[in-house]
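K.L.:
What follows is a single structure, and I will ask about it in a moment.
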Amino acid sequence: MKNLMTGAVLLASLALALPAVAAPGECSMTGYGSFACEVAADGGGITFVLPDGQTFAFALLAADEGVGYRIAADAAPGQPPRNLGTFHPLEGSPGCWAGGRDAIQFCAAIAQ
């Protein structure tokens, strides 16, 4: 069974999680389709590795708003991530978010 992470649930779970905790799941993102992933949650966001080795990081700002970042697979210390812009929950698709500068959509579901 998979648990879709909606805005309010994601915010609540992140507020309680201090160290990063990874769980197997299913992710999707514009340009990558669906793929198996490890969703790591810490005190303020989630991350998962994309199929090309880059890392997607999502920082939750409120129950219905967050900012996405893409970190290069070969990122060097001091190299900033690419800011993808602001995301909002995708209506009618629990666990999915849309927005950003390039109209990106992503979904994260963890197995329970």
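The values are calculated or read from the model by the stated rules, or taken from the named source; none is laboratory data. What you see is a predicted model, and the numbers here were worked out from it, not measured in a lab. Note that we place each Cβ from the backbone using ideal geometry, even for glycine, and neighbour counts take in every protein chain shown.
K.L.:
Considering each of A40, A36, A57 in turn, give the residue that is surrounded by fewer than 21 Cβ atoms within 10 Å (Cβ to Cβ), touching a Phe, Trp or Tyr at 6+ places or on another chain (Cβ under 6 Å) and assigned to a strand (DSSP E or B).
P.N.:
None of the other options fit; the residue is A57.
K.L.:
Further question: Quick one: W97 ticks every box in (1) modelled with pLDDT of 95 or more; (2) of a type outside the set (S, T, N, Q); (3) over 14 Å from the mean Cα position of the chain (by Cα) except a single one, so which number is it?
P.N.:
(3)
K.L.:
Is one or more of the residues making up the range 67-81 under 18 Å from Y32 (Cα atoms), in a loop (DSSP other than H, G, I, E, B) and in contact (Cβ under 8 Å) with a residue 24 or more places away in the chain?
P.N.:
No, there is no match, as no residue in the range 67-81 is under 18 Å from Y32 (Cα atoms), in a loop (DSSP other than H, G, I, E, B) and in contact (Cβ under 8 Å) with a residue 24 or more places away in the chain.
K.L.:
Of all residues in the range 82-106, how many are crowded, with 19+ Cβ neighbours inside 10 Å, on the phi > 0 side of the Ramachandran plot and free of Cβ contacts under 8 Å to residues at least 40 places away in the same chain?
P.N.:
2
K.L.:
Output the residues belonging to the range 65-82 that are within 20 Å of C27 (Cβ to Cβ) and of a type outside the set (D, E, K, R).
P.N.:
G66, V67, G68, Y69, I71, A72, A73, A75, P81
K.L.:
Related question: Can you name every residue in the range 36-54 that is at pLDDT 90 or above and either more than 13 Å from the chain's Cα centre (by Cα) or among the charged types (D, E, K, R) (or both)?
P.N.:
A36, E38, P51, D52, G53
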